[in-house]
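To start, the structure itself, in structure tokens.
Just so you know, all these numbers are worked out from the coordinates, no wet-lab data involved. Only a predicted model underlies this, so the values are computations on that prediction, with no experimental measurement involved. For neighbour counting, all protein chains shown are included, and Cβ atoms are generated from backbone atoms with ideal geometry for every residue, glycine included.
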Amino acid sequence: MRISELSAKTQVSVHRLRRYEADGLIESQRLPNGYREYNEKAVKHVIFIAMSREMGFSLPFIAEYLPRFNAGKLSAQDMIEAILARVAEIDQLMNEQQALR
């Protein structure tokens with residue numbers, strides 16, 4: 001599928017998809033006419049990336065977890081632990097900002 005189709009299926013902008021590809025998070029094949037061609041696995045990868053971004057995870061963090069997700073070795077418990085760690089980071093940042101205020 002082309003990038004516009006991937007964008008429509010995942011509700012992720014073409015701009016973000018290009019960024020994810022530039023960062024090595026998703027892959028495409030280049031057709032002779034220069035268009036990007038994505039396979040169906042890219043849909044799952046993009047949805048995982050988008051959901052992780054919505055939870056506040058950085059792209060480097062996602063890049064670390066994506067191979068485990070792709071291999072089917074990322075458990076729900078792994079994600080729960082990552083979310084709890086992220087919440088603790090946010091709490092720490094809030095405390096620091098409150099102290100500055």
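Inter-label distance, Arg18 to Tyr35: 1.7 nm, where each label sits 7 Å from its Cα along the C-beta direction.
Fraction of C-alpha pairs exceeding 19 angstrom in region 3-100: 48 percent, rounded to a whole number. Computed over neighbours whose Cβ is under 15 Å from that of Leu59, the net charge equals +1, Lys and Arg +1, Asp and Glu -1. Rounded to the nearest 20 debye, the dipole magnitude of region 3-100 is 420 debye, with +1 charges on Lys and Arg beta carbons, -1 on Asp and Glu beta carbons, and the Cα centre as origin.
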